[in-house]
């Protein structure tokens, strides 16, 4: 039981809520506003297992790095509270379950499933080679609505590519800021991120630019899809959240610790826009 709790803490299962509403929106949007509860169930399991695989493989491949980093050395695997055998079981089991669910859904979902896990496998390695690693995570999160659509109708709903591009910009922006926490550690250990390449303040400036662009893309998607005022209300609230997020967390130097509330504001942004998007098509 203790190992199960440590696994849950390590892979942060609760953070699946970060992208799950966007996947639900993709399901309902592709199905012309009709809710198929069976598909939503399978999508929940698929996204949960895929994300669990991604987090577990990240913890496993970054074990040596996490043990050296003050911020991460107390993570269950890095602190040796969680066994390597247990995390390997999680990686294997989540991958198998993901493949099974995709096989049950339809051919395209099954054919694309190895590609999804491959990208998640590659992500932890990227910070060893390039500052573009932040955009890889952005891409991973951005495929949630497309995945929901593929699971539901068996093909890619092309208008959702616009929404996915907006999510890509927003999620990449977030990951850039997230990595600023490890700015000094990454510099000392020859690891890469946007902040180690351009500095923390420049990272924030570029993050703001990406967030502004993402809002315009979200609005464009709503216009192209004929969504109602609920969705655009969500976009308006999203703008206010972004303003507050940066005003309250703007760095005063090139060396600072990220405030926890930044994550809460970002989570609120995701949940509000995706939830009101769902309401707008029901």
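Any read-out appearing in this document is the output of simple, stated calculations on the displayed coordinates, not a laboratory observation. None of these values were measured; they are calculated from a predicted model. Heads up, the Cβs are rebuilt from the backbone with ideal geometry, glycines too, and the neighbour counts pull from every protein chain shown.
Residue-by-condition table, conditions (1) free of Cβ contacts under 8 Å to residues at least 24 places away in the same chain; (2) more than 29 Å from residue 126 (Cα to Cα); (3) part of a loop (DSSP other than H, G, I, E, B):
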| position | (1), (2), (3) |
| --- | --- |
| 203 | no, no, no |
| 214 | no, no, no |
| 223 | yes, yes, no |
| 230 | no, yes, no |
| 237 | no, yes, no |
| 242 | no, no, no |
| 245 | no, no, no |
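Within the range 65-106, the set of residues being under 17 Å from residue 43 (Cβ atoms) and either loosely packed, with under 15 Cβ neighbours inside 10 Å or free of Cβ contacts under 8 Å to residues at least 24 places away in the same chain (or both) comprises 99, 100, 103, 104. The residues of the range 190-211 that are under 24 Å from residue 235 (Cα atoms) and in contact with a helix residue (DSSP H, G or I) (Cβ under 8 Å, 6 or more places away or on another chain), listed by number, are 203, 204, 206, 207, 208, 210, 211.
Of the helices (runs of 4 or more DSSP H) lying entirely inside the range 105-177, not one contains at least 1 residues that are touching a strand residue (DSSP E or B) at 6+ places or on another chain (Cβ under 7 Å). Per this entry, residue 25 is not counted among residues that are on the phi < 0 side of the Ramachandran plot, in contact (Cβ under 8 Å) with a residue 40 or more places away in the chain and within 15 Å of the chain's Cα centre (by Cα).
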